[in-house]
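This report refers to the structure that appears directly beneath it.
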Amino acid sequence: MTAIRYLRLALLALTFALAVLIRPSALHAHEAAMGVLEFREVRPGAFVGRWSIEPSIGASRVDLRVPPHCFLRLPEMNCGQKGLIGPITITNLGSNMSVVLIKVIPIEGEPRSYTISTANPVVSVLGTGAPTLETWIELAKTYVNYGIDHILLGADHLLFVLGLIWIVGGGWRLVKTITAFTIGHSASLAAAAFGLIGVPERPLNACIALSIAFVGVEIVKQQRGEIGLTARYPWMVAFSFGLVHGIGFASALAGLGLERRLLPAALLFFNIGVEIGQLAFVLLVLALIWAHRRLDAVVPRWGEALPAYLIGSVSMFWFFGRLARVFAVI
């Protein structure tokens with residue numbers, strides 16, 4: 001059995017696994033399950049809280065816990081002379097609510113933002129002044145884990161990368177292709193996060209689905225013995241579509257309202273998390289290839305065509321679902 005045949009068999013198994021795990025919520029890709037809670041100081045130590053972005057599980061079901069010296073009964077919170085300093089946690093974070101941004105708007109000084117996530121459910125609200133080492137460590141833990149969660153829970157990005165691996169195979173061509181995709185989405189992620197470019201989220205998600213359909217068509221061409229654009233110039237295609245996917249990554253950060261001074265670091269840590277998750281996925285594919293070589297498994301010839309049509313069918317299902325959302329049909 002040739003290496004290409006092993007590769008296709010491994011990718012067939014992985015494509016089916018992704019298809020089984022895909023949920024209808026993928027239609028709403030990148031619309032993060034998060035909420036934003038603002039605490040505005042109205043007098044020293046006294047705050048009025050409100051959800052500017054209500055979490056999908058409903059504000060009343062959020063188990064929010066504030067520092068022990070603070071008394072909370074939304075919309076009111078009173079922390080006395082000590083002020084709002086200390087740990088804030090949400091105990092029931094999960095798949096329906098993975099991130100909550102806490103924005104503290106004091107009477108004097110700049111607003112401060114703290115992100116609570118499934119990976120980092122407790123944050124320490126700090127006083128005014130320059131960010132401390134603790135702030136940077138907290139930021140790194142939060143956004144690296146958020147980036148990993150975002151890429152590994154984003155079935156559309158994984159299907160696109162899977163399609164690239166299917167066409168390119170292994171070796172240095174794969175390294176160059178994945179590197180080009182990384183450079184592309186990193187550049188557009190930074191540009192979108194700093195407001196240099198902006199694309200409405202729903203049309204963008206429809207375009208991301210089309211990029212996956214394009215790769216599916218390229219796989220079919222390859223199986224027919226034709227040389228498609230991706231086979232000729234895989235790094236060019238990967239870079240171009242990486243720009244589109246990067247703007248999609250940026251939408252995960254758009255609603256968090258981070259302080260401008262913390263945005264570059266948050267962006268860096270989030271992108272590191274995305275790359276860790278993407279690398280883990282590529283290594284999983286390569287591990288499957290190795291495992292099937294060891295097992296000497298055989299797939300029927302008709303089965304080799306299934307992944308391309310499965311990728312194409314799923315991506316077009318996403319495309320029409322997301323296109324319908326663009327025109328507010330659903």
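The values are calculated or read from the model by the stated rules, or taken from the named source; none is laboratory data. All values derive from a computational prediction rather than experimental measurement. Cβ: placed from backbone, ideal geometry, glycine included. Neighbour counts: every protein chain shown. Please note that ligands, DNA and RNA were not included when accessible areas were found on the heavy atoms of the full protein model with its side chains. Shrake-Rupley method; radii C 1.70, N 1.55, O 1.52, S 1.80 Å.
For this structure, a couple of remarks:
- Anchor residue 82: lysines whose Cα lies under 19 Å away (excluding residues fewer than 8 positions away in-chain): 103
- Estimated vicinal HN-Hα couplings, Hz - segment 198-214 in sequence order (Karplus 6.51, -1.76, 1.60; Gly, Pro = x): x, 10, x, 5, 5, x, 4, 5, 5, 5, 4, 4, 5, 5, 6, 4, 4
- Under 5 Å between amide hydrogens, built in the peptide plane, is the criterion, and for residue 86 it picks out 125 among residues at least 5 positions away or on other chains.
- For residue 317, the solvent-accessible surface computed with a 1.4 Å probe is close to 120 Å², ligands and nucleic acids excluded.
- Residue-level accessible surface for residue 76, protein heavy atoms, 1.4 Å, Å²: 130 Å²
- Couplings 3J(HN,Hα) for segment 309-315, derived from phi with the Karplus relation 6.51 cos²θ - 1.76 cosθ + 1.60 (θ = phi - 60°), are 6, 5, 4, x, 5, 5, 5 Hz, where x marks Gly and Pro.
- Annotation for residue 305 and residue 327: the two label points, set 7 Å from Cα along the Cα-Cβ direction, are 3.2 nm apart.
- Annotation: amide H-H contacts under 5 Å for residue 46 (H modelled 1.01 Å from N, sequence separation of 5 or more, or interchain): 79.
- Note that segment 68-74 has calculated 3J(HN,Hα) couplings of x, 7, 9, 9, 10, 8, 3 Hz, one per residue in order, obtained from phi through the Karplus relation 6.51 cos²θ - 1.76 cosθ + 1.60 (θ = phi - 60°); glycine and proline are x.
- Heavy-atom accessible area ranking, 1.4 Å probe, most first, across 207, 79: 207, 79
- Measuring with a 1.4 angstrom probe and ignoring ligands and nucleic acids, residue 202 comes out at about 100 Å² accessible.
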